[in-house]
């Protein structure tokens with residue numbers, strides 16, 4: 001039986017999908033596993049943040065904004081203190097510091113939300129996390145991290161698939177999130193399941209053109225926020241807990257981008273509860289999120 005490295009070489013090599021799967025099966029891999037490996041490797045290979053515009057929002061319970069701005073400036077990172085000028089304007093160059101009334105303060109400093117500019121990669125965000133960690137900024141259970149993915153080039157069908165697919169894997173995602181970010185345990189991150197099921201019902205009886213996606217909900221406080229389509233022309237993913245750990249941020253961004261790219265051509269047809277069964281992430285990511293799940297179990 002082939003190793004994971006050999007499987008990757010076969011899938012990314014020359015030949016049709018059919019011949020590649022036949023080659024995998026001939027080594028003793030089951031047909032279902034061969035098709036799963038093909039999907040994982042193919043879509044994972046297409047996934048880099050550079051191919052998708054993204055935005056990241058970090059909520060903090062303890063941050064000295066003046067020190068943060070000073071240290072960012074020393075690294076050549078432009079910031080904008082917007083705490084007294086709350087707005088939803090997107091920036092292409094500056095990290096905005098905003099207020100957020102939903103946050104609970106810890107420590108001697110105040111709460112805030114740091115909103116990234118429109119990003120093509122995570123290089124500047126890595127530096128932001130370094131600054132925050134060096135300043136001993138912190139998060140608590142009231143904090144979240146939100147990821148915006150640009151939807152300008154997405155079709156309505158692809159957006160529908162994203163919502164449906166997130167709903168199908170929501171239980172698996174819940175398993176590696178703290179209790180405060182799981183299904184209906186947080187007012188600001190409610191389950192997307194009712195919306196994803198509603199979309200499936202509509203698609204069975206109507207065309208995609210008849211769906212006004214942003215009007216399927218009366219709130220933005222869902223794990224997948226479609227109302228961001230009207231405000232930013234993005235889809236907002238709100239479920240992740242607050243963090244300034246760059247490795248966690250990077251892996252979650254890659255998870256979301258993998259979901260988005262997979263949904264361009266695929267719709268999951270069953271409920272997925274186990275991380276191992278998520279079709280759009282590779283073995284490395286499965287190991288990462290399984291370790292997070294284990295940490296929560298053993299906490």
Just to be sure, is residue 273 surrounded by fewer than 20 Cβ atoms within 10 Å (Cβ to Cβ), in a loop (DSSP other than H, G, I, E, B) and not assigned by TED's automatic domain parsing to the domain that holds residue 57?
-> yes
Give the residue, chosen from 235, 244, that is closer than 21 Å to residue 53 by Cα and out of contact with any strand residue (DSSP E or B) (no Cβ under 6 Å at 6 or more places or on another chain).
-> 244
Identify, please: which residue in the stretch 181-213 is in contact with a strand residue (DSSP E or B) (Cβ under 7 Å, 6 or more places away or on another chain) and part of a helix (DSSP H, G or I) and is, among those, farthest from residue 228 (Cα to Cα)?
-> 181
For residues in the stretch 119-131 being more than 13 Å from residue 60 (Cβ to Cβ) and in contact with a strand residue (DSSP E or B) (Cβ under 7 Å, 6 or more places away or on another chain), which is surrounded by the most Cβ atoms within 10 Å (Cβ to Cβ)?
-> 125
Can you tell me which of 212, 198 is more than 15 Å from the chain's Cα centre (by Cα), assigned by TED's automatic domain parsing to the domain that holds residue 277, more than 30 Å from residue 121 (Cα to Cα) and modelled with pLDDT of 90 or more?
-> 198
Picking from 169, 163, which residue would you name as being more than 28 Å from residue 79 (Cα to Cα), touching a strand residue (DSSP E or B) at 6+ places or on another chain (Cβ under 8 Å) and surrounded by 18 or more Cβ atoms within 10 Å (Cβ to Cβ)?
-> 163
In the stretch 88-118, anything farther than 23 Å from residue 141 by Cβ and more than 23 Å from the chain's Cα centre (by Cα) is listed as none
Would you say residue 281 is at pLDDT 90 or above and surrounded by 21 or more Cβ atoms within 10 Å (Cβ to Cβ)?
-> yes
Quick one: is residue 256 in the same structural domain as residue 171 (by TED's automatic domain parsing), in a strand (DSSP E or B) and under 20 Å from residue 153 (Cβ atoms)?
-> no
Residues located in the stretch 251-270, provided they are surrounded by fewer than 20 Cβ atoms within 10 Å (Cβ to Cβ) and either under 22 Å from residue 180 (Cβ atoms) or in contact with a strand residue (DSSP E or B) (Cβ under 9 Å, 6 or more places away or on another chain) (or both) | 251
Can we say residue 166 is outside the structural domain of residue 198 (by TED's automatic domain parsing) and within 22 Å of residue 214 (Cβ to Cβ)?
-> no
If you check 243, 217, which single one turns out to be assigned to a loop (DSSP other than H, G, I, E, B) and closer than 26 Å to residue 275 by Cα?
-> 243
Select from the stretch 1-24 the residues that are at pLDDT 80 or above and surrounded by 15 or more Cβ atoms within 10 Å (Cβ to Cβ) and write down the one among them that is nearest to residue 285 (Cα to Cα).
-> 7
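Rundown of residues vs (1) under 26 Å from residue 140 (Cβ atoms); (2) crowded, with 19+ Cβ neighbours inside 10 Å; (3) in contact (Cβ under 8 Å) with a residue 24 or more places away in the chain, yes/no style:
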| residue | (1), (2), (3) |
| --- | --- |
| 204 | no, no, no |
| 213 | no, yes, yes |
| 234 | no, yes, yes |
| 241 | yes, yes, yes |
Within the stretch 119-136, which residues are part of a loop (DSSP other than H, G, I, E, B) and over 18 Å from the mean Cα position of the chain (by Cα)?
-> 135, 136
Any idea which of (1) modelled with pLDDT of 85 or more; (2) surrounded by 15 or more Cβ atoms within 10 Å (Cβ to Cβ); (3) part of a helix (DSSP H, G or I) is the one residue 38 doesn't satisfy?
-> (1)
Of the candidates 225, 233, 261, the one satisfying the condition of being at pLDDT below 95 and farther than 30 Å from residue 4 by Cα is 233
Residue under evaluation residue 139, criteria (1) under 18 Å from the mean Cα position of the chain (by Cα); (2) surrounded by 19 or more Cβ atoms within 10 Å (Cβ to Cβ), criterion not met = (1)
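The values are calculated or read from the model by the stated rules, or taken from the named source; none is laboratory data. Just so you know, these numbers come straight off a predicted model, no measurement behind them. With ideal geometry, Cβ positions are generated from the backbone for all residues, glycine too; neighbour counts draw on all protein chains shown.
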